[in-house]
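First the structure, then my questions, so here it is.
The values are calculated or read from the model by the stated rules, or taken from the named source; none is laboratory data. Remember, it's a predicted structure, so these values are computed and weren't measured experimentally. Note that each Cβ is placed from the backbone with ideal geometry, even for glycine, and that neighbours are counted across all protein chains shown.
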Protein chains: 2
Amino acid sequence: MIKKKINIAVVGLGQIGNYLLNELNTKKKDIELKTGKKIQIVAISAKNRNKKRRFNINKYIFYKNPLDIIKKKKIDILFEVIGQSDGISKKIVEAALKNKIHVITPNKALISKHGDYLSNLAEKNKVNLEFEAAVAGGIPILRTIKEGLATNKLNRVYGILNGTCNYILTEMEKTKDDFSSVLSKAQKLGYAEPGNPKLDLNGYDAFAKIRILSSLAFNKRISKQKCIMEGIENIEYKDIEISSQLNFRIKLLGITELINGKLFERVHPALVKKDSYIGNVNGVMNAVIVEGKPVGESVLQGEGAGAGATSSALMSDLLSILRGNIKFPFGIPNFKRKKPKLYNDNNSSNSLYLRLEVRDKSGVLSGITKLLADNRISIQRVIQIPNHKKKSASIIIITHKAIEFRSNKLINSFRKNKNILKKPVLIRLF
Amino acid sequence: MIKKKINIAVVGLGQIGNYLLNELNTKKKDIELKTGKKIQIVAISAKNRNKKRRFNINKYIFYKNPLDIIKKKKIDILFEVIGQSDGISKKIVEAALKNKIHVITPNKALISKHGDYLSNLAEKNKVNLEFEAAVAGGIPILRTIKEGLATNKLNRVYGILNGTCNYILTEMEKTKDDFSSVLSKAQKLGYAEPGNPKLDLNGYDAFAKIRILSSLAFNKRISKQKCIMEGIENIEYKDIEISSQLNFRIKLLGITELINGKLFERVHPALVKKDSYIGNVNGVMNAVIVEGKPVGESVLQGEGAGAGATSSALMSDLLSILRGNIKFPFGIPNFKRKKPKLYNDNNSSNSLYLRLEVRDKSGVLSGITKLLADNRISIQRVIQIPNHKKKSASIIIITHKAIEFRSNKLINSFRKNKNILKKPVLIRLF
């Protein structure tokens, strides 16, 4: 890319695309200062040309079908900000790379599903595929792993990767409101998708980010295996309150690590100590903790979502390309990225927080503790809170470390116990 | 740098140089995988060839005078790990750059003093001058500012930048020991220089880092102006204890910000809230907080010192060069970096923590409060702790915001007051 004038296309003009366009327009001079290149936006595309937007768009460079841009215009760099895991998002990225156009995208769904294929395509065509914005926008974590910590041997990366969930959990603790009313508040404030927040809440979004992080941290292909993926949809205020009394907070964690060289990825809510670092990352903040040698533990915290943080990451990708840093999208050549060996998550172990709603009559507790003993899970602490009105009681148990397959068996045996009135609650401790 | 074999020289074989050599030797394959380049160490230099070292050195490539390396060998990349602000450190870096050799250094003293000149030399000779390791080794903060947050408009960068001081303050709080005994412990553990820890303790080390950060964050030349620079040598356990009762911790902070476009840099101990993020960065940890638009607040935390963290940063610089990322050392071309306009620190304002040891007799407190009133400094809180044995008392005052030049006048008037028995203690609140 020796030439000085760079043609840019932006595909997708939702909240992020719109903010990005404005950034590109207002920072042209700064970009030229830092890279020596003059950028010009020569094509934009969105589903609806006439939708009301925060910034005005130039209708003379508008394309209804983004694929036409590649046929009709000479583009150097294309931003894909639609956000689908397949469909038009995949088609436009494919078409761009095949036509030797650099691609920048915040699309974690696309990269976590098709990242291996697309990065291969980018390498073959000697262009960049950059996706810093796909994981924790305000935190340059991918660049930190690929460059800042390049020769460290990493063994674990974990953190709070979904700002929506973290906002909801923080707000529930603060306001004592239940999940659904805090969710609608989050939607009103623009922290959760108004239509379908499911992919945030069920852990899928954090999981897609974990897959990308694993693959960069451990230099492996993206895993396809099903793993522990639990969201926060079933967290009740009651559990937040009880956890708090026990000096814990509930956080949705994403964790990836190598256990004896085998990859173990998971996303689930977890009880973390109130006075721990991760226990104090609140609101829409994201945090990522990287453990490796020789660097030790590195912590990065910043806004995880929102158009501002995402644009900041998209612009850093742009500058990297304009500075001429042609790089392997996953840090090493694709053909060197081996399939990961996978850890059997049935063998993992955690202390557990269990909450059971039971009939308030004699013998119930002893029946339950027997089930734990049968499954060789030992108890650290038991609290029984009676609810005299309903003639029921809550039993809260904190266990010592229990192996995952035994915890599963335990939960199944709880389900058969007719003294347990509701679906048992299980949250792992971290 | 098209060629595949890269010749490396390491100048300085202290703790860091030694660790670095071992890293370079053990990570050759990983480096080739990530960059396609084969590195070989062809020259090393140190004051003493026969000193006992943790790793063996190859004596066949040893040079007593590092300047001979440049005359006698073909070098591509040189590591300067001696650490002087002038003298041989400056000479060898100058000679290398003039001979079109890339330079990597963790030397904050050199860069904060001669960075403008040396980066100009590097640009003229089209080679890199990299110094990621100069600021907070385990945190890739320079790369984050130059690349990850490249197009953000930053307005403030601050944090805990000296691991030795942070260790000492943390340890004093924990053990209730006094400054000098904790210092000798830190020296035994290798956290503080055994010979002369002065540059850590008096704030100079943190200040050199702040100067480098300012210059990157605000795209200006390195400031030469004298600023507020106070260390921790005079912190007594008593102040840590009283602060703790008031729910504060004492931390050595480095802060740089733009106030109406004017640069305000300073390093001093500060009372920070116990439940704040920065109040919980303990031990040898460093933390840097970057505030900007649109990214919001980004926080980075990691080990600040030690051979491991420093080597991690040195290696990231090496990979950056091997990947062919030729860049401006300070992010933008040197001729575009203007001299900063400077803020008059006499106009800055802070709430103050004051501790006065006074004669325990009537009228003393009213005399002191009158001095505050005379200087138009208003009081938020007063605590008087009598010491009956010595017929003296400690008066602790937390003030509302006071302008720096008035605080200075106040301290001078305290010195003339014969009821004040010792040098008054002043620590700013953050």
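Of the residues in the range B:391-405, how many are surrounded by fewer than 17 Cβ atoms within 10 Å (Cβ to Cβ) and either farther than 23 Å from residue B:244 by Cβ or not assigned by TED's automatic domain parsing to the domain that holds residue B:380 (or both)?
3
Still on this structure: How many residues are surrounded by fewer than 24 Cβ atoms within 10 Å (Cβ to Cβ) and free of Cβ contacts under 8 Å to residues at least 60 places away in the same chain when one looks only at the range B:136-157?
Qualifying residue count, the range B:136-157: 1.
Go through the range B:9-23 and count every residue that is surrounded by fewer than 21 Cβ atoms within 10 Å (Cβ to Cβ) and either free of Cβ contacts under 8 Å to residues at least 24 places away in the same chain or not in a helix (DSSP H, G or I) (or both).
The qualifying residues number 1.
Being within 9 Å of chain A (Cβ to nearest Cβ) and in contact with a Gly (Cβ under 7 Å, 6 or more places away or on another chain) is the filter here, so list the residues in the range B:278-288 that pass it.
B:285, B:287
Another question, then. Restricting attention to the range A:382-417, which residues are out of contact with any helix residue (DSSP H, G or I) (no Cβ under 8 Å at 6 or more places or on another chain), of a type in the set (D, E, K, R) and modelled with pLDDT of 95 or more?
A:401, A:406, A:409
Looking at residue B:133 and the list (1) surrounded by fewer than 24 Cβ atoms within 10 Å (Cβ to Cβ); (2) of a type in the set (A, V, I, L, M); (3) touching a Leu at 6+ places or on another chain (Cβ under 8 Å), which single condition is not satisfied?
(1)
Within the range B:336-350, how many residues are part of a strand (DSSP E or B) and either within 7 Å of chain A (Cβ to nearest Cβ) or under 26 Å from residue A:301 (Cβ atoms) (or both)?
Of the residues in the range B:336-350, 1 are part of a strand (DSSP E or B) and either within 7 Å of chain A (Cβ to nearest Cβ) or under 26 Å from residue A:301 (Cβ atoms) (or both).
Related question: From the set of residues in the range A:111-130 that are within 14 Å of chain B (Cβ to nearest Cβ) and farther than 18 Å from residue A:16 by Cα, which is surrounded by the fewest Cβ atoms within 10 Å (Cβ to Cβ)?
It comes out as A:126.
Does residue B:292 satisfy the condition of being within 9 Å of another protein chain (Cβ to nearest Cβ), over 29 Å from residue A:285 (Cα atoms) and outside any helix (DSSP H, G or I)?
Considered against the rule, which asks whether it is within 9 Å of another protein chain (Cβ to nearest Cβ), over 29 Å from residue A:285 (Cα atoms) and outside any helix (DSSP H, G or I), residue B:292 comes out as no.
Exactly one of these conditions fails for residue A:78: (1) within 14 Å of chain B (Cβ to nearest Cβ); (2) more than 30 Å from residue A:298 (Cβ to Cβ). Give me its number.
Of the numbered conditions (1) within 14 Å of chain B (Cβ to nearest Cβ); (2) more than 30 Å from residue A:298 (Cβ to Cβ), the odd one out for residue A:78 is (1).
Please work out if residue A:100 is within 14 Å of chain B (Cβ to nearest Cβ) and not small (Gly, Ala, Ser).
no
Name the residue, out of B:223, B:180, B:214, B:243, that is polar (S, T, N, Q) and within 14 Å of the chain's Cα centre (by Cα).
On inspection, the qualifying residue turns out to be B:214.
Name the residues in the range A:15-63 that are β-branched (Val, Ile, Thr), at pLDDT 90 or above and in contact with a helix residue (DSSP H, G or I) (Cβ under 8 Å, 6 or more places away or on another chain), would you?
A:16, A:31, A:35, A:39, A:41, A:42, A:44, listed by residue number.
Now a separate question. Are there any helices (runs of 4 or more DSSP H) wholly within the range A:156-240 with 1 or more residues that are touching a Lys or Arg at 6+ places or on another chain (Cβ under 8 Å) and under 19 Å from residue A:141 (Cβ atoms), and if so which?
By residue number, A:163-175, A:204-217.
Working carefully through the options A:188, A:224, A:174, A:198, find the one that is basic (Lys, Arg) and either in contact with a Gly (Cβ under 8 Å, 6 or more places away or on another chain) or at pLDDT 95 or above (or both).
A:174
Let me ask another. I need the full set of residues from the range A:297-327 which are of a type in the set (Asp, Glu) and surrounded by fewer than 22 Cβ atoms within 10 Å (Cβ to Cβ), in order please.
Hit for the range A:297-327 is A:297, nothing else.
Starting from the range A:362-384, take each residue that is among the small types (Gly, Ala, Ser) and list its partners that are outside any helix (DSSP H, G or I), counting only C-beta distances under 6 angstrom and pairs at least six apart or across chains.
These pairs meet every condition: A:378/A:400.
Please state which one of A:138, A:148 is touching a Lys or Arg at 6+ places or on another chain (Cβ under 6 Å), of a type in the set (Gly, Ala, Ser) and within 14 Å of another protein chain (Cβ to nearest Cβ).
From the options A:138, A:148, the qualifying one is A:148.
Give me a count of the residues in the range A:295-320 that are assigned to a helix (DSSP H, G or I), farther than 12 Å from residue B:150 by Cα and more than 7 Å from chain B (Cβ to nearest Cβ).
Selection size over the range A:295-320: 2.
Quick check, is residue A:283 surrounded by fewer than 24 Cβ atoms within 10 Å (Cβ to Cβ), under 19 Å from the mean Cα position of the chain (by Cα), within 13 Å of residue B:298 (Cα to Cα) and among the small types (Gly, Ala, Ser)?
Judged against the criteria, residue A:283 is not a match.
Something else about it: Of the conditions (1) in a loop (DSSP other than H, G, I, E, B); (2) surrounded by 13 or more Cβ atoms within 10 Å (Cβ to Cβ), residue A:361 clears all except one; give me its number.
Of the numbered conditions (1) in a loop (DSSP other than H, G, I, E, B); (2) surrounded by 13 or more Cβ atoms within 10 Å (Cβ to Cβ), the odd one out for residue A:361 is (2).
Another question about this same structure. Kindly check whether there is at least one residue in the range B:327-335 that is more than 9 Å from every other protein chain (Cβ to nearest Cβ) and either of a type in the set (Asp, Glu) or in contact with a strand residue (DSSP E or B) (Cβ under 6 Å, 6 or more places away or on another chain) (or both).
Looking for residues that are more than 9 Å from every other protein chain (Cβ to nearest Cβ) and either of a type in the set (Asp, Glu) or in contact with a strand residue (DSSP E or B) (Cβ under 6 Å, 6 or more places away or on another chain) (or both), one finds at least one in the range B:327-335, hence yes.
Please tell me if residue A:416 is surrounded by fewer than 19 Cβ atoms within 10 Å (Cβ to Cβ), of a type outside the set (S, T, N, Q) and without any contact (Cβ under 8 Å) to a residue 24 or more places away in the chain.
yes
Does the range B:268-281 include one or more residues that are under 16 Å from residue B:157 (Cβ atoms), polar (S, T, N, Q) and at pLDDT below 95?
Taking every residue of the range B:268-281 in turn, none turns out to be under 16 Å from residue B:157 (Cβ atoms), polar (S, T, N, Q) and at pLDDT below 95.
Check off (1) within 14 Å of chain B (Cβ to nearest Cβ); (2) out of contact with any Leu (no Cβ under 8 Å at 6 or more places or on another chain); (3) buried (at least 20 other Cβ atoms within 10 Å of the Cβ) for residue A:273 and give me the number that stays unchecked.
(3)
Can you tell me which residue within the range B:398-430, out of those that are part of a strand (DSSP E or B) and out of contact with any Lys or Arg (no Cβ under 7 Å at 6 or more places or on another chain), is farthest from residue B:368 (Cα to Cα)?
Top of the filtered list is B:429.
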